[in-house]
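Novice: Got a structure here, written out as structure tokens. Questions coming.
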Amino acid sequence: MHPMFIVAIPLLLVILGMVLNSIGLGFNQPPSSSEQDPAKKAAAEKEDYRRFFDLQRRQAVKRQVRVGQYAWLLLIAIIGSFIWLYLYTVRDTSLATRVAALQTLATEDAKEMVLSITLKDGSNVKYLIKSPQGDALAAARKEGISNEKVSSYEISQLGTALNVGESPLPMGLAVKIAN
């Protein structure tokens, strides 16, 4: 799932709640009595206002209950989305800190190479390294490979990796891992 859904789902729930909460809001008055006698008219209007007040109070209590339930749903959705965002971020950013070893291996027919990544937990992931041809090679070079030099200040801040292979790694090695 795309991380944008983490923000979009609670926002849509808030907007939906605002729309649902505004439906049915009416400030009506009870109809006036058609009685001619002032005493009977006052008693009828009093009864009408009492029924109207009771109806409005029942609707307000129902609305409060529904808004309270929706608020709990929204709170759970927001908490769940931020937990998911945290786990997504940790999973995607911790991969770089979990790599223990990189190794290139030859295939049996020795025509292609395999990149073997060993993680610190002991698991191993292997990728077949294919050479792009023609336009795909030019596009791959434009897309992610730069020819910049690393300054000595940056070198002093870097972690170290030990080359334990039989031959040194070539300069300009670039691998793009497709999902």
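The values are calculated or read from the model by the stated rules, or taken from the named source; none is laboratory data. Quantities reported herein were computed from a predicted structural model and do not represent experimental measurements. Glycine also receives a Cβ, built like all others from the backbone with ideal geometry; neighbour counts cover every protein chain displayed. When the accessible area is computed, the model is the full protein with side chains, heavy atoms only, and any ligands, DNA or RNA have been set aside. Shrake-Rupley method; radii C 1.70, N 1.55, O 1.52, S 1.80 Å.
Novice: How many residues are without any contact (Cβ under 8 Å) to a residue 24 or more places away in the chain and open to solvent by less than 60 Å² (accessible area, probe 1.4 Å) when one looks only at region 77-89?
Specialist: Selection size over region 77-89: 1.
Novice: What's the total number of residues in region 119-131 that are more than 12 Å from Ala100 (Cα to Cα) and open to solvent by less than 60 Å² (accessible area, probe 1.4 Å)?
Specialist: 1
Novice: While we're looking at this one, here's another question. Is it the case that region 59-76 has a residue that's under 15 Å from the mean Cα position of the chain (by Cα) and in contact (Cβ under 8 Å) with a residue 60 or more places away in the chain?
Specialist: There is no residue in region 59-76 that is under 15 Å from the mean Cα position of the chain (by Cα) and in contact (Cβ under 8 Å) with a residue 60 or more places away in the chain.
Novice: Against the conditions (1) over 30 Å from Glu166 (Cα atoms); (2) surrounded by 10 or more Cβ atoms within 10 Å (Cβ to Cβ); (3) at pLDDT 75 or above, where does Leu102 fall short? Just the number, please.
Specialist: (1)
Novice: Still on this structure, please answer the following. Among the residues of region 1-21 satisfying the criterion of being open to solvent by less than 70 Å² (accessible area, probe 1.4 Å) and either at pLDDT below 75 or acidic (Asp, Glu) (or both), which is nearest to Leu74 (Cα to Cα)?
Specialist: Ranking the qualifying residues of region 1-21, first place goes to Asn21.
Novice: Please go through (1) modelled with pLDDT of 75 or more; (2) open to solvent by less than 80 Å² (accessible area, probe 1.4 Å); (3) in a helix (DSSP H, G or I) for Ser116 and return the number of the only condition it doesn't satisfy.
Specialist: Among (1) modelled with pLDDT of 75 or more; (2) open to solvent by less than 80 Å² (accessible area, probe 1.4 Å); (3) in a helix (DSSP H, G or I), the lone unmet condition for Ser116 is (3).
Novice: Suppose the filter is at pLDDT 85 or above and of a type in the set (Asp, Glu); does Asp37 pass it?
Specialist: Here the answer is no, as Asp37 does not meet what is asked.
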